[in-house]
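K.L.:
Have a look at this one before I ask anything.
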Amino acid sequence: MTFLARTTPRTSAYVAVLALASACATPRAEPGSKIEAVENGLRPWVLVEGDATWSIADRMREHHVPGVSIAVFRDGKILWAKGYGIADVELQQPVTPQTLFQAGSISKPVAAAGALALVERGQLALGIDINSALKTWKIITNEHTAKAPVTLEGLLSHTAGLTVHGFPGYEAGTPVPSVVQVLDGTPPANTAAVRVDIDPGTRWRYSGGGYTVAQLAMTDVTGKPFDELMSELVLQPFGMTSSTYEQPLPGSRIREAAAGYRSDGSVVPGKRNVYPEAAAAGLWTTASDIARFAIGLQAILRGEHGPLTQASVEDMLTVRKEHYALGFVLEGPYFTHSGADQGFRSFMYVHKTKGHGMAVMTNSDSGLELMQEIWRSVGAAYAWEDMEAVPVKVAKLAPEELVKFAGRYGLDQGSALTLTVHGAGLEGRPTLRPPFELIPESANSFVRRDEDVQYVFGPQGLRAVRYLDSTVLPKLSDDQQLLDEQLAAGRIDAALAGYRRLREANSEDPVVEPERLDAHGSALLERKEFAAALAVLRLNMEFSPDSSKALDRFAEGTEKSGDKSGAILLYRKALELASRPHSIHTTDDRAVRSHASERLKALGDG
């Protein structure tokens, strides 16, 4: 959802806002050397002394991203905004600063600003039961809501205990549900009903479903369509004149919009999905408009008048749980959010007090890594706070100094990190995951090129240090074998029993997350350890009985193990599950339908 905040792992009111929007509408001239430094300064998480940086053109090719839009701002002005590549491959339409992209979850902080505007008007309240504002639909009460009500504050901070992480959208030309149908999970909705299954206020859990409830509350209390309401409350006041929450995008504006692309370069069917869950995922915007929104918030924080009060913006940027505030993630002195719709990835990163920031938008599912590289390049070129750009100088350690760090260290209850001497540094090998290089930067600290993490050896053992977190990894004795290690070693029954115990104690323990179990199955299939692979994939189906993806992955494992007839039966079931008129899960059923159909055809059952 978000990015870490460093390049190295060390640590009269309304008129004034309109004037501000007008002032930043046209980017001011920026020295070409700065823009060129960004364009040619893309880098991994850690740049080692002697390493070369990359160009944006090279990395777009590397990551298969057709188009990118960037806006960089400082001191209330957009310094520069520029488009790269192609917005629509079929039409050979270039990306310009005016090209519209789907913002994905960046829709949420913009929607949160609209909700706070209604709070200021007295039409909503942060701390009361949201059911008092809802007219066309109500949150179903249960044992969880009996302990505490669902509030607008909880919805905007992902602490309301509601289900449904995100939304896949609806293919162009297919039936689109109403917001109430989305919330109840009734046809043609393709996601589960939004329900409370955690005591409100007790835990943070990302919920696009919660933002959809907030969207309905906003339209219920005002009687206005969400796109019109947001234009009135946020988009026009903040100078976001190119942006809209209209879903689908009107035909008159299609020529302004990028098409979305998969990681393999194929276009999203119909070029762009439709998102009735507009507050969670439905904003069409430009990098420059995101910059204008951020610039407006920064101005209000400085005490300037605007569409929101200073108190509201300060509250918006106050963390509730897990670094999340009301619509934004707080990372040190920055507020940020990323977004992902089908075929689109986006990112905004804004300093609370120093006036700088950036927005990046791409039209590819594989845009995340490219955006991170651009972000690090911008931070280095402008010497932003907490974005150190000094390349790491490799420390020279003797083999006997390195060998004392070798051993096994516990990452969690499932996985161990095994360190061995490798060349002039160490190799880290997490259980059932790819190895990585550890580069010594001092006598007791090591860094990775591919991730923002530093490993420090001290009196307490091995400490993994990230920007906002520090975790001690205990050294394991030779007779300690963790669950993932048991699975990898062929102690399948013991591993499965342990996974079940963990899930019974906490269904959201990362050790038993569906994505992780699926990854274990893939790794074991790659090693041709079919018994262990099928066991963990079968367990994943047990934990996620309504997931067509889990069933499809088990079918794939069965096929790779050599059981053709068994695979055919399983692919048929996966196809049936993914094709139900009412899906009660959040996996990409379209992808499952495509894959299962393809495999059935290849197996002679198409």
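K.L.:
Using +1 on the beta carbon of Lys and Arg, -1 on that of Asp and Glu, and nothing else charged, what's the dipole of the range 302-415 about the Cα centre, debye to 20? Write down the numbers at each step before the final one.
P.N.:
On the way: 11 positive and 15 negative charges, 43 e Å.
Approximately 200 debye in magnitude.
K.L.:
Once label points are set 7 Å from the Cα along Cα→Cβ at both His422 and Lys564, what is their separation, rounded to one decimal in nm?
P.N.:
Roughly 4.0 nm, to one decimal.
K.L.:
According to the square roots a ≥ b ≥ c of the eigenvalues of the Cα gyration tensor, what is the shape class of the range 480-550, taking rounded for a/c under 1.5, prolate for a/b larger than b/c otherwise, and oblate for the remainder? Could the numbers behind the result be given before it?
P.N.:
Working: a/c = 1.85, a/b = 1.10, b/c = 1.68.
Because a/c hits 1.5 or more and a/b fails to exceed b/c, the range 480-550 counts as oblate.
K.L.:
Tell me, in nm to one decimal, what length is gained between Ser507 and Thr318 on full extension, where the rule is 0.36 nm per residue of separation less the Cα-Cα distance? Present the calculation step by step, with values, prior to reporting the outcome.
P.N.:
Values: separation 189, 0.36 × 189 = 68.04 nm, distance 2.87 nm.
Gain on stretching Ser507 to Thr318: 65.2 nm.
K.L.:
Once you have a ≥ b ≥ c as the square roots of the Cα gyration tensor eigenvalues for the range 182-318, tell me rounded if a/c is under 1.5, and otherwise prolate or oblate according to whether a/b is larger than b/c. Display every interim value, and only then the final one.
P.N.:
Numbers: a/c = 1.71, a/b = 1.12, b/c = 1.53.
Oblate, because a/c is 1.5 or more while a/b does not exceed b/c.
K.L.:
Tabulate in residue order the Karplus-calculated ³J(HN,Hα) for the range 321-333, using 6.51 cos²θ - 1.76 cosθ + 1.60 with θ = phi - 60°, rounded to whole Hz; enter x for Gly and Pro.
P.N.:
Ordered by residue, 3J(HN,Hα) equals 9, 6, 6, 9, 9, 9, x, 10, 9, 9, 10, x, x Hz.
K.L.:
Per DSSP helix of 4 or more residues, -39500 (n - 2.57); summed, then divided by the residues of the chain. What does that give at 222 nm, rounded to the nearest 500? List each step's numbers first, then the result.
P.N.:
Values: 20 runs with 209 residues, N = 606.
So the calculated ellipticity at 222 nm is -10500 deg cm²/dmol.
K.L.:
Using the charge dipole of the chain (Lys, Arg: +1 at Cβ; Asp, Glu: -1 at Cβ; taken about the Cα centre), state which of Ser263, Ile78, Gln486 has its Cα farthest towards the positive end.
P.N.:
Positive-most Cα among the choices belongs to Ile78.
K.L.:
Further question on the same structure: Among the lysines, which have Cα under 19 Å from the Cα of Lys352 when same-chain residues fewer than 8 positions away are ignored?
P.N.:
Lys77, Lys108, Lys321
K.L.:
For Arg253 and Val472, what is the calculated FRET efficiency with R₀ set at 45 Å and r taken between the beta-carbons, to the nearest 0.05?
P.N.:
Numbers: r = 53 Å, r/R0 = 1.17.
E between Arg253 and Val472, to the nearest 0.05, is 0.30.
K.L.:
Work out the charge dipole of the range 134-215 with +1 on the Cβ of Lys and Arg and -1 on the Cβ of Asp and Glu about the Cα centre, then indicate which of Gly166, Pro149, Trp204 is farthest towards its positive end.
P.N.:
Pro149
K.L.:
If you take the beta carbon distance between Glu385 and Thr136 as r and set R0 to 45 Å, what does 1/(1 + (r/R0)^6) give as a FRET efficiency, to the nearest 0.05? It would help to have the intermediate numbers written out before the result.
P.N.:
Numbers: r = 46 Å, r/R0 = 1.02.
Efficiency computed from Cβ-Cβ geometry: 0.50.
K.L.:
Next up: Using +1 at the C-beta of Lys and Arg and -1 at the C-beta of Asp and Glu, which of Leu417, Pro434, Ala591 has the Cα lying farthest in the positive direction of the dipole of the chain?
P.N.:
After comparing all options, I get Ala591.
K.L.:
Now, a different point. Please give the length that would be gained between Gln460 and Ala395 if that part of the chain were fully extended, namely 0.36 nm times their separation in residues minus their C-alpha to C-alpha distance (nm, one decimal). If you can, show how the numbers build up before the last one.
P.N.:
Values: separation 65, 0.36 × 65 = 23.40 nm, distance 2.23 nm.
That works out to 21.2 nm of additional length.
K.L.:
Now a separate question. According to a simple spin-label model (label point 7 Å from Cα along Cα-to-Cβ), what is the distance in nm between Val180 and Lys224?
P.N.:
It is 2.2 nm.
K.L.:
Give a residue-ordered list of calculated ³J(HN,Hα) values for the range 473-490 (Karplus: 6.51 cos²θ - 1.76 cosθ + 1.60, θ = phi - 60°; whole Hz; x for Gly, Pro).
P.N.:
9, x, 6, 9, 7, 4, 8, 8, 10, 7, 4, 5, 5, 4, 4, 5, 8, x
K.L.:
May I ask you to derive the FRET efficiency for Ile35 and Glu90 from their Cβ-Cβ distance with R0 = 35 Å, giving the value to the nearest 0.05? The partial results should precede the final answer.
P.N.:
Details: r = 29 Å, r/R0 = 0.83.
The computed FRET efficiency comes out at 0.75.
K.L.:
For the chain, compute Rh as the Kirkwood radius over C-alpha pairs and then the Stokes-Einstein diffusion coefficient at 10 °C and 1.306 mPa s; write the answer in µm²/s, rounded to an integer.
P.N.:
62
K.L.:
With only Lys, Arg, Asp and Glu charged, each at its Cβ (+1 for the first two, -1 for the last two), find how big the charge dipole of the range 241-311 is about the Cα centre; round to the nearest 20 debye. Don't skip to the end; give the middle numbers.
P.N.:
Values: 7 positive and 6 negative charges, 32 e Å.
Dipole magnitude for the range 241-311 comes out near 160 debye.
K.L.:
Ok, one more. Given the Cα-Cα distance of Glu120 and Glu515 and 0.36 nm per residue of separation, how much length would full extension add, in nm?
P.N.:
On the way: separation 395, 0.36 × 395 = 142.20 nm, distance 4.10 nm.
Stretched out fully, the Glu120 to Glu515 stretch lengthens by 138.1 nm.
K.L.:
Give the relative contact order (percent, whole number) for the range 183-338; include only Cα pairs under 8 Å separated by 6+ residues.
P.N.:
Details: 151 pairs, mean separation 26.9, N = 156.
Contact order relative to length: 17 percent.
K.L.:
Next question. Quick one: with all protein chains in place, what share of the accessible area of the chain is carbon or sulfur, to the nearest percent (1.4 Å probe)? All intermediate terms of the calculation are to be shown ahead of the outcome.
P.N.:
Numbers: 12580 of 24070 Å².
Whole-percent figure for carbon plus sulfur exposure: 52.
K.L.:
Quick one: putting +1 on the C-beta of Lys and Arg, -1 on the C-beta of Asp and Glu, what dipole do you get for the chain around its Cα centre, in Debye to the nearest 20?
P.N.:
Numbers: 62 positive and 73 negative charges, 51 e Å.
It works out to roughly 240 debye.
K.L.:
Classify the range 417-482 from the C-alpha gyration tensor, please: rounded if a/c falls under 1.5, else prolate or oblate depending on whether a/b exceeds b/c. Numbers along the way, then the final one.
P.N.:
Details: a/c = 1.38, a/b = 1.15, b/c = 1.20.
Rounded shape, in that the Cα axes give a/c under 1.5.
The values are calculated or read from the model by the stated rules, or taken from the named source; none is laboratory data. As the structure is a computational prediction, the values presented were derived from the model and not from experiment. As a convention, Cβ positions derive from the backbone with ideal geometry for all residues, glycine included, and neighbour counts pool all protein chains shown. These area figures cover heavy atoms from the full protein model, side chains too; ligands, DNA and RNA do not enter into them. Shrake-Rupley method; radii C 1.70, N 1.55, O 1.52, S 1.80 Å.
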